[in-house]
Every structure is written in structure tokens, then in C-alpha cells.
Amino acid sequence: MTWSRDTDDVEAGLQLDAFLDAGGTLLDTAASYADGGAEELIGSMLGGTIARRDVQICTKAGIRSTDAGRAVDASRDSLLGTLDESLARLGTDYLDVWLVHAFDPVTPLEETVHALEIAVNSGRARYVGISNFPGWATARAATLLPRPGLAVAEVEYSLAQRGIEREVMPASRALGLGIFAWSPVGRGVLTGKYRTAIPADSRAASDHLSGFVEPYLTDRVAAIVEAIATAAAGLGRTTHEVALAWVRDAPGVTSAIVGARTSNQLAPVLSAEDLTLPGAIREALDEISAPAMGYPERR
């Protein structure tokens, strides 16, 4: 997400080298990230030392810039036009996964799904899915798209944000969609970096990302961070590793999407791979972070 804007090509290269060396394969981006700059940077790497076959590329369309700011547009024309632009920036003939970035309440869902069908049938996308869709729209889109159907639902999920457990996660599991969990460390808050202050070089201190982090600088999330820190201390691991392992091993989650800004931030992500949380610790974290549930999900 930050590549080519807050993360330059040198730093991005260091991240990618470390990620591939650790066995990673999936690069998740979007046409709207840095106004296409993130895709262009990935494309320049693919044209250099990284072989296309060594990575799986997932990108998203459906958010465009207007004079009034960013707007959701999941119309067929907009999605397919953006798809072609993404392929050009990435320098590839196809995407491994292509997602609709956000639910569009104006465009008929049948039209949005038709764009996904065209992308698959034309060979421009191997698999397709949706991102940030409510539960009912996730289920409806899955029933509208002919086989092989939707493959992925990409949604925010962390110990700080478990809202998808109400409807999106059950719908995805029932319909066979894998879940890509974005921001698994709570937009960076669950790493513990904000326990005492806002670091000057953090996203919360950034002009364009402070609003992204601010919703989780609350007393409720602070209590969750302290619980994670206690668990981490007992395990001899970092809060970053514990928060990430909790998401990665959650039922239905097929990939935890992390957005490290620097290679130093990526290191604890990679080191969490060998951590499996003991059942008692997982249950304690479940309890303190449980989302509010009520009718009709729970009676």
C-alpha cells in the first residue's frame, strides 16, 4: 500500500527480497494505492530481477479519483478499464487474483459480477473475488458468479476488528471463499508502538494516514494491546508476532495481508511464521477482544 509513496524502490526491493527468501509468494496491491504507483513499482521489479512465475499478484479495482476525492465505482466500464491499466502498470498479461475493492451501493451487483466473469473468461484474471463487502453482498455475489465462482473475500480482520465474524466469515466459509485478512495487526496499533505515545515516524503521525490509525487509538484497543503484550512476554515473543499469529490461524483465514513500510517492520512478520499460540492464550485473547454479538447472529 505504501510502495512508491512512503516506501521507495530501494526499500521495497529489500522487503521483496526478504519476503521471497522466506518463502513468500503473494503480493497484494491495488490500482488506487499511490494512484497506481505501487503497481508501477511492482511492475518495474518484475521487469528486472524477479521472475513472474515466482510471485502471485493480487490487485484491486473499484476506487477512482475524482475532483471531489476518491469514489467507489464498481461499474463494468470502470472495473474493466482499471483492469487493463493495472496489467499495463504491472507489466503482465494476467493477474493471479483480481478483486473488487469495495462494495458499490449504486451499481447493480449483477453488473459488477459480470465484470469479474469477463476478466476470467478473457484470461486476464485467474481467480476473482471481492473486498470490504458486507455479508449479504458477499453471499449474493457468490451466487451470481458462474463456476468457478468467487475465490476470495478480502476484509479487515484483527484482534482490534473482529466484525467479520458476525456475517462475512460464516458466509465465506459456507460458500467456499478464502479470506484474505488485511491489517491483521490492527493498522499497526497491535504492535504496541502506540502504548505510550505516537512515534514521529509512524502512520498515526502522517498527514495522509493518521485518519487510518486514529479509530484504534481507544481505551478498548489499548486493553487488548496490554493482553497481547502479557501473552507475548510469557511466550518470549513480540506483540507483533502474537497478534499476527492469532489472525493467521483463525478458522477460514487463508492469508494474512501485511503492509510493512520498511524492511525492519517486515522482520517480525516473517519471524511469526513458526509461532502457534497455545490454546489457553488464544482463548484469553478471544475473550478480551470479542465483538458485540446480538440478534439475529446470536439469540
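Here, each number is a calculation from the coordinates, and none is a lab measurement. Small disclaimer: the values here were computed from a predicted structure and weren't measured. All Cβ positions, even for glycine, are placed from backbone atoms using ideal geometry, and neighbour counts span all protein chains on display.
With label points built 7 Å along Cα→Cβ from the Cα atoms of ASP17 and GLU110, find their separation and express it in nm.
In this crude label model, ASP17 to GLU110 measures out at 5.3 nm.
At ASP54 and GLU273, where each label point lies 7 Å from the Cα along Cα→Cβ, what is the point-to-point distance in nanometres?
1.4
What residue among ALA51, ALA243, ALA233 has the largest mean-square fluctuation in a Gaussian network model of the chain, using Cα springs under 10 Å?
Per the Cα network of the chain with a 10 Å cutoff, ALA51 tops the list.
Under a Cβ-Cβ cut-off of 14 Å, what is the net charge of the residues other than ALA88 that fall near it, where Lys and Arg count +1 and Asp and Glu count -1?
Working: positive: ARG89, ARG124; negative: GLU39, GLU40, ASP84, GLU85, ASP93.
Net local charge, ALA88 excluded: -3.
Quick one: length gained pulling ALA222 to TYR94 fully straight, 0.36 nm per residue minus the C-alpha distance?
Values: separation 128, 0.36 × 128 = 46.08 nm, distance 4.24 nm.
Length gained, ALA222 through TYR94: 41.8 nm.
Based on DSSP H runs of at least 4 residues, each adding -39500 (n - 2.57), what is the mean residue ellipticity at 222 nm of the chain after dividing by all its residues, to the nearest 500 deg cm²/dmol?
Numbers: 11 runs with 120 residues, N = 299.
About -12000 deg cm²/dmol.
Return ASP219, ASP84 ranked ascending by Cβ neighbour count within 10 Å, so the fewest neighbours appear first. Intermediate results must be reported in sequence, preceding the final value.
Numbers: ASP219 6, ASP84 11.
The fewest-first ordering by Cβ neighbours comes to ASP219, ASP84.
Mind checking the full-extension length gain between VAL10 and LEU175? Use 0.36 nm per residue of separation minus the Cα-Cα distance, one decimal, nm.
Numbers: separation 165, 0.36 × 165 = 59.40 nm, distance 4.09 nm.
Stretched fully, the VAL10-LEU175 segment lengthens by 55.3 nm.
Label-point separation (nm) for THR66 and SER122, each offset 7 Å from Cα along Cα-to-Cβ?
Between THR66 and SER122, the label points sit 2.4 nm apart.
Taking every DSSP beta bridge that has both residues in the chain, what percent is antiparallel when rounded to the nearest 5? Mind showing how you got there, number by number?
Details: 5 of 30 bridges.
Restricted to the chain, the bridges split so that about 15 percent are antiparallel.
Can you give the Kirkwood hydrodynamic radius of the stretch 216-299 from its Cα pairs, in Å with one decimal?
Numbers: mean 1/r = 0.0710 Å⁻¹.
Answer for the stretch 216-299: a Kirkwood hydrodynamic radius of 14.1 Å.
Pick from ALA181, ALA227, ALA245: which residue has the top mean-square fluctuation in a GNM of the chain where Cα pairs under 10 Å get a spring?
In this elastic network of the chain, the residue with the biggest mean-square fluctuation among ALA181, ALA227, ALA245 is ALA227.
Bin all alpha-carbon pair distances of the stretch 143-299 at 10 Å intervals from 0 and give each bin's fraction as a whole percent.
So the P(r) values, bin by bin, are 10, 38, 35, 14, 3, 0.
Can you give me the Kirkwood hydrodynamic radius for the chain, using every pair of distinct Cα atoms, in Å to one decimal? Write down the numbers at each step before the final one.
Working: mean 1/r = 0.0502 Å⁻¹.
Here the Kirkwood hydrodynamic radius works out to 19.9 Å.
Would you be so kind as to identify which of GLY48, VAL10, LEU144 lies farthest towards the positive end of the dipole of the stretch 1-148, taking Lys and Arg as +1 and Asp and Glu as -1 on Cβ and the Cα centre as origin?
LEU144
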